[in-house]
1. What do you reckon, how do Leu676, Leu507, Leu373 stack up by accessible area (1.4 Å probe), largest on top?
2. Compute, for the range 448-597, the length of the dipole vector about the Cα centre, with Cβ point charges of +1 (Lys, Arg) and -1 (Asp, Glu) only. Units Debye, rounded to 20.
3. Which order do you get for Asp683, Asp837 if you rank them by accessible area with a 1.4 Å probe, largest at the top?
4. Sorted by mean Cβ packing within 10 Å, highest first, what order do the peptides 736-749, 339-352 take?
5. What's the lysine pair count for the range 485-566 at a Cα cut-off below 20 Å, pairs eight or more apart or interchain?
6. Quick check: pseudo-label points 7 Å beyond the Cα along Cα→Cβ at Glu605 and Ser738, how many nm apart are they?
7. What distance in nm lies between label points placed 7 Å from Cα along the C-beta direction at Gln747 and Arg563?
8. From the phi of every residue in the range 304-312, what ³J(HN,Hα) in whole Hz does the Karplus formula 6.51 cos²θ - 1.76 cosθ + 1.60 yield, where θ is phi - 60° and glycine or proline is x?
Amino acid sequence: MAEGVHRLSKVARELNVSVSTLSDFLNSNGFKVDSNPNAKLTDAQYEIVRKEYEGEKKVKDEAVLIQKEKEVVFAEEEAKKSSTEIAVKVQPPAPEVAQREKVKLEGPKITGKIDLPEPPKKAKAAKEEPEAKKPVKSKKGETKKIEEEKPAPIAPPERIKEDFVPTKFNKLEGPTIIGKIDLPQKPIASSNTDSAPQKAAAGKKRKRIFKKEYSREDISQAAKPSTPNRPGSAPRGREQRPELTDEEIQNQIKETLARLSGSGKSKAAKYRRLKRDMISEKMQQEAEQMEADKQVIKVTEFVSANELAKMMNVPIQDVISTCMSLGLFVSINQRLDAETISIVAEEFGHKVEFVSIDVQESVRIDEDKEEDLLPRSPIVTVMGHVDHGKTSLLDYIRKTNVIAGEAGGITQHIGAYNVTLENGKKITFLDTPGHEAFTAMRARGAQATDVAIIVVAADDGVMPQTKEAINHAQAAGVPMIFAINKMDKPGANPNKIKEELANMNILVEDWGGKFQVEEISAKKGTNVNELLEKVLLEAELLDLKADANKKAHGIVIESELDRGKGYVSTVLIEGGTLRVGDVIVAGCSSGKVKAMHNERSVPIEAATPAMPALILGLDGAPQAGDQFHVVETEQEAREIANKRLQLQREQGLKTRKHITLDEIGRRLAIGDFKELNVIVKGDFDGSIEALSDSLLKLANPKIQVNIVHKGVGQITESDVLLASASNAIIIGFQVRPSLNARKIAEQEQIDIRLYSIIYDAINEVKTAMEGMLSPEMHEKITCNLEVREVFSVTKVGNVAGCMVLTGKITRNTRVRIIHDGIVVHTGDLGSLKRFKDDVKEVVSGYECGLNISGFNDIKVGDIIEGYEQVEVKAKL
């Protein structure tokens, strides 16, 4: 080993330790040495490890010496057997070996003897031969002899004679039978299927089964393949296999040949290839199964259109357009029934699994009995465009002034009224909002009605909300009566209205169609009675009946939170009779009816079919459109409501959309993505739903609107804290914050916006969203100049003598050089002068001199165009 270079592996072998032991020892002593066998050690490191593991080296040397001594002894024994003297040369031992040679091995110490009986004949012992002398050379060249005892030779086996004493043993003859006992026996019917235990219990001796000798013909017959039973032969117990066709046989042959044939590789390679193919096929099947499971969505009966779109991961606009193509007009937050959910999901390739069937079945509606059915009053919904006179018509019928109590002069929630006519007949009217935000309310009103009155202003025309109301009525299969209002105005043109309806494939009776029409004036009451007579005529044709002698059920029209009364819900009875004290469940709310009023706040004890009522006693505000049912006990009502609430929360967790890598990539691609979180509180559930729908519709790819929370009632401290945690703004519609909520909002600097008119709230939020967007940059042309002359100035370059044709050029104006209609350069002005003076601007009709920074190729006749970048507010 070269001086100063010691390999770690060689040192480990020399010192009889492992490489890792050496590296750990050196690292613990402050030397950084890797456990690499080829690592080099310095002389200092080598001396340290040699001193540490010197004992291990001595043990190794002694083991080597003992091994060499054994080899010498073995060689001498072989030499004695062949009677040939073999000189064995041994390498001079180490100093430790020389010291060991001085000690003579004396052998075992005899302490005593045991006299054993001698065998009859002793084997003749062979003569011991003299002790062999082993020549060994010491370190100085001296020869020493190691005397060892020679083992006695073993005599050949044939010469040893011994007498063996035979072993005496007794043969076992079995048990000795002393006597027999006769046991009573029962006759057991023999059968071919008796088992061995049954036969033993019957006292029968088991028959031995002897091997049957088969002939050569039997063996050859058994070797033949089984064939199907032929006519006349005994039937077999095994079921017959169907015969394969020629095509199936050929396919099996091809598959077998394909497996046997290969590309010249070994069988092991073929096996590995087949195994890889099987594994890949299995993985593909599992992936297909997982993909199929993704297509199955679990929904509840409370799912809305927006939640369904999130579960299917499709835009809400696509879901709404799909519903419209199916003849259904839904809003973003409108709840869908099971049939609609299934149809819409199938359109997008999903299967639906409902998880609320037990809740639906827990509330049963009693079937109507024919003998208990009695005539009921019709439910009439007044629909149409905003400010066309719907509420004015109801004012005249009810002889009240509802408009005076409505903010902005428009209806912002569904009103339900029961009117008794002069002839004693009753009609229930539903007044729906006409604003575009109240699509869901109009749809709900059309679904809960028997007859629809479509109000159209004679001086205006068939507007978008009018068309939407007609579509809702047609989708619900409700007969329509058209009331052409405002006939008292000078510009009234009813024929124009009828023509526009005809363009929509709606022909009124005056034009030979089936739809009734009446020209009225709601303010003056002109022809209003005739309109009501036509409504009663349509009701008689429908033959409306209901059973009042059963548990009540119906629909929630509206709900609110009154400060003194608590939660107040407006319900419409569809069947049965609702009484004070009944236990009801409506959506996720339940309770006992503590009090009941009509639309004029007059207390009533019972509400019959087709009658609206205001009820108190629910523990929450049910959503408009929820079905309510009367149940037996409060416990049952609470259980049903809790199940529905739990399902609704689970559905909310499923539809909560977390940000993904794809979403992050989309936002980065947009570059200027914003989010607006909103909390909506209002007086009525329907108004909150309409406002939430309108705000969600304002979202676009650059700015997203999230409705964090919405609820009925005043703005509370928890709403402000939620807004602070989610960085949201609070919109109050017809409500006000509490005193503590206002103080916390001032401390947390939470923006609370209060509105009384829905389109004011929508417009302000839209303006705020536009302010969040970055302004767009537009280019504005400020001037045009024509180059009349070009001058070359030393150290300056070419200077253009120009005439300002249009606009005004300034010192900071960016310019383009246009040569023969082609832009050849875009840059900044180097200088702007009139005669010899520098000027800030030159207006149209004056001459000036200028040069362009970094550009000298100016020619006579070029056009210099000046422009500037102007920020324009982004629009949604």
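1. On the way: Leu676 20, Leu507 75, Leu373 40 Å².
Result, largest first: Leu507, Leu373, Leu676.
2. Details: 17 positive and 22 negative charges, 147 e Å.
Once rounded to the nearest 20, the dipole reads 700 debye.
3. Values: Asp683 35, Asp837 100 Å².
The residues order as Asp837, Asp683, largest area first.
4. On the way: 736-749: 14.4, 339-352: 16.1.
Result, highest mean first: 339-352, 736-749.
5. 15
6. Here the modelled spin labels are 3.8 nm apart.
7. With each label placed 7 Å out from Cα toward Cβ, I get 2.3 nm.
8. Using θ = phi - 60°, the values come out as 9, 5, 5, 5, 5, 5, 5, 5, 8 Hz.
The values are calculated or read from the model by the stated rules, or taken from the named source; none is laboratory data. Owing to the predicted nature of the structure, the values given are computational and were not obtained by experimental measurement. Neighbour counts are summed over all protein chains in view; Cβ atoms, including those assigned to glycine, are modelled from backbone coordinates with ideal geometry. Just the protein is used for accessible areas: all its heavy atoms, side chains included, with ligands, DNA and RNA removed. Shrake-Rupley method; radii C 1.70, N 1.55, O 1.52, S 1.80 Å.
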